[in-house]
Amino acid sequence: MCGIFGIADHAEAADLAYLGLFALQHRGQESAGIVTSHEGGLLSHAGMGLVAEVFNRQALACLPGRTAVGHVRYSTTGASHIKNAQPLTFNCSHGPVAIAHNGNLTNALEVRGRLERQGAIFQSSTDSEAIVHLLARSSGSIEEVLVEALKTLEGSYCLLLLTPGKLIAARDPHGFRPLVLGRLNGSYVVASETTALNLVKAETVREIEPGEVVVISAGTVRSLKPFKTPEPARCVFEHVYFARPDSKVFGRNVQSVRRELGRALAREMAGVEADMVVPVPDSGVPAALGFSDVSGIPFEMALVRSHYVSRTFIRPTQELREVAAQLKLAPVPEALSGRRIVLVDDSIVRGTTSRKITRSLRDAGAKEIHMAISSPPITAPCYYGIDTPRAGELIANRRSLSEIKKYLDVDSIHYLSREAMLAAAGGTGFCSACFTGRYPTPTGDYEKASRTGG
Ligand code: AMP
């Protein structure tokens, strides 16, 4: 997954992009980069690591210019390598162009293979580079060639393109990932989430619509709608887990959706007897509050999160994940000893973290653990950017509910129904393929792998 941020025509473009990327850091921690347009050319700085590690005062001072695009990356395709850090910059018949991509194409390998047979040479292993080659091969205005390129792509994309004169934003016709347009005095801002707009004090103008291309140049905004039938399939998992709670995503505040998920969960679990509702921090907190609202069972922060360890699951190797999981969450024995708890989390993916948590709660003296998950079982991989790539790694894909209960060593387990989840998120027009295995686009590159459970 990734986060993208762009700002057009502002004296502090690079500084604001830097701040915007901080607000989007939860969307990707492997690399960060900013490109500015200055005196007819593009300037770039990118590196591996967090925004705070990649940029310092000096690096930002080397990025003059009034228009900037930024990117934070977590790889779902392509290796974790500096060559894959974005924004990607290139020179072609359209002049210098930078591109930042959030999403995951499902036909990138096919497109790449076709381009390679025609002589294209690829520098990185990201699917985003296929877009670069498509752009470089056509003639016309940059927005015209972009529209042509988009028509050959399948899967999810939110794109920002920067040329010396234009900032262009595009969202795929399903609108899998969020993208919003904002305004800061006379400047336009585009970001993955409203939290980034809020941070730089930009007002949110509107969502960029599924299938829309927005061209910002010379202080004006032009909207193109090249797709005849956009079919919204917004990612419900953005609401369940991924987006920041202070963001408004797909028209709804994430925190209130999560609280509603918790309320619905409590209604489905009416009758559960417990002394307290304990969230897995931070992702389970709003749902646990909602659970407590409806059930009347007191909310208790009986698990404490260390803020000096970054999100564990997001680290690519299993080994690092396991070490980090132990560092991250500590139980409060005095609160837990002899108590019956409802443990609330937003989702279970592999089950490894959840198992460590329930074990530590038992070790701290919890008498009963009733596991409450504010989304349905994840049974299928996401091909649109969330890091759940292999069916075989998903606990709910290979184990039954009673096996999961046993594996996690809990007294009971309940997952929220899909109907209740969708109702809380806003009803229709969502992708919930990770819960159903029904994908809204052809899955091209991935079909073979998923058939074999890979
Ligand atoms: P596990 O027990 O290993 O399946 O981990 C479950 C935890 O991972 C839950 O607390 C979720 O909030 C979190 N989680 C779910 N999806 C993701 C994701 N794509 N990236 C990082 N963490 C996630």
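The values are calculated or read from the model by the stated rules, or taken from the named source; none is laboratory data. Remember, predicted model here, so these are calculated numbers, not experimental data. Cβ sites come from the backbone with ideal geometry, for glycine too, and all protein chains shown count toward neighbours. For accessibility, only protein heavy atoms count, side chains too; no ligands or nucleic acids. Shrake-Rupley method; radii C 1.70, N 1.55, O 1.52, S 1.80 Å.
Structure values in brief
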{"item": "Residue under evaluation Ala364, criteria (1) within 14 Å of the ligand (Cβ to nearest atom); (2) hydrophobic (A, V, I, L, M, F, W, C); (3) open to solvent by less than 20 Å² (accessible area, probe 1.4 Å), criterion not met", "result": "(1)"}
{"item": "Test for Glu154: is it touching a Phe, Trp or Tyr at 6+ places or on another chain (Cβ under 6 Å), open to solvent by 10 Å² or more (accessible area, probe 1.4 Å) and modelled with pLDDT under 95", "result": "no"}
{"item": "Selection from segment 401-411 of residues that are touching a helix residue (DSSP H, G or I) at 6+ places or on another chain (Cβ under 7 Å) and open to solvent by less than 80 Å² (accessible area, probe 1.4 Å)", "result": "Ile404, Tyr407, Leu408, Val410"}
{"item": "Scan of segment 91-114 for residues that are part of a strand (DSSP E or B) and either without any contact (Cβ under 8 Å) to a residue 24 or more places away in the chain or crowded, with 18+ Cβ neighbours inside 10 Å (or both), ordered by number", "result": "Asn91, Pro96, Val97, Ala98, Ile99, Ala100, His101, Asn102, Gly103, Asn104, Leu105"}
{"item": "Filtered residue count, segment 376-399, keeping only those that are of a type in the set (Ser, Thr, Tyr) and within 9 Å of the ligand (Cβ to nearest atom)", "result": "1"}
{"item": "Tabulated pairs, segment 132-151, first among the hydroxyl-bearing types (Ser, Thr, Tyr), second open to solvent by 20 Å² or more (accessible area, probe 1.4 Å), C-beta under 8 angstrom, 6+ apart or interchain", "result": "Ser138/Glu144; Ser138/Glu148; Ser139/Ser93"}
{"item": "Verdict on Phe242 being assigned by TED's automatic domain parsing to the domain that holds Pro376, aromatic (Phe, Trp, Tyr) and either in contact (Cβ under 8 Å) with a residue 24 or more places away in the chain or open to solvent by 10 Å² or more (accessible area, probe 1.4 Å) (or both)", "result": "no"}
{"item": "Pro226 vs. criteria modelled with pLDDT under 95 and either within 16 Å of the ligand (Cβ to nearest atom) or open to solvent by 20 Å² or more (accessible area, probe 1.4 Å) (or both)", "result": "yes"}
{"item": "Segment 19-34: number of residues that are buried (at least 24 other Cβ atoms within 10 Å of the Cβ) and away from the ligand (no atom under 16 Å from the Cβ)", "result": "7"}
{"item": "Filter result (touching a His at 6+ places or on another chain (Cβ under 9 Å), within 21 Å of Asn198 (Cβ to Cβ) and either more than 16 Å from the ligand (Cβ to nearest atom) or among the basic types (Lys, Arg) (or both)) within segment 231-248", "result": "Arg234, Arg244"}
{"item": "Filter pass, Val69 being more than 16 Å from the ligand (Cβ to nearest atom), touching a Gly at 6+ places or on another chain (Cβ under 7 Å) and over 28 Å from Ser141 (Cβ atoms)", "result": "no"}
{"item": "Total residues in segment 412-454, condition in contact with a helix residue (DSSP H, G or I) (Cβ under 6 Å, 6 or more places away or on another chain), assigned to a loop (DSSP other than H, G, I, E, B) and modelled with pLDDT under 95", "result": "1"}
{"item": "Unique residue being over 25 Å from Ala274 (Cα atoms) and in contact (Cβ under 8 Å) with a residue 24 or more places away in the chain when the list is Ile404, Ile395", "result": "Ile395"}
{"item": "Matching residues, segment 277-297, being away from the ligand (no atom under 16 Å from the Cβ) and either basic (Lys, Arg) or in contact with a Gly (Cβ under 9 Å, 6 or more places away or on another chain) (or both)", "result": "Ser292, Asp293, Val294"}
{"item": "Whichever residue in segment 337-350 is in a loop (DSSP other than H, G, I, E, B) and surrounded by fewer than 18 Cβ atoms within 10 Å (Cβ to Cβ) and, among such residues, is farthest from the ligand (Cβ to nearest atom)", "result": "Gly338"}
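Here is a yes/no grid of residues against (1) among the hydroxyl-bearing types (Ser, Thr, Tyr); (2) touching a strand residue (DSSP E or B) at 6+ places or on another chain (Cβ under 7 Å); (3) open to solvent by 40 Å² or more (accessible area, probe 1.4 Å):
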{"site": "Thr36", "(1), (2), (3)": "yes, yes, no"}
{"site": "Glu39", "(1), (2), (3)": "no, no, yes"}
{"site": "Gln58", "(1), (2), (3)": "no, no, yes"}
{"site": "Ala61", "(1), (2), (3)": "no, no, yes"}
{"site": "Thr67", "(1), (2), (3)": "yes, yes, no"}
{"site": "Ile82", "(1), (2), (3)": "no, yes, yes"}
{"site": "Pro87", "(1), (2), (3)": "no, yes, no"}
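Conditions (1) surrounded by fewer than 23 Cβ atoms within 10 Å (Cβ to Cβ); (2) part of a helix (DSSP H, G or I), marked per residue:
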site: Val190; (1), (2): no, no
site: Asn198; (1), (2): yes, yes
site: Thr204; (1), (2): yes, no
site: Gln255; (1), (2): yes, yes
site: Arg258; (1), (2): no, yes
site: Leu261; (1), (2): no, yes
site: Glu273; (1), (2): yes, no
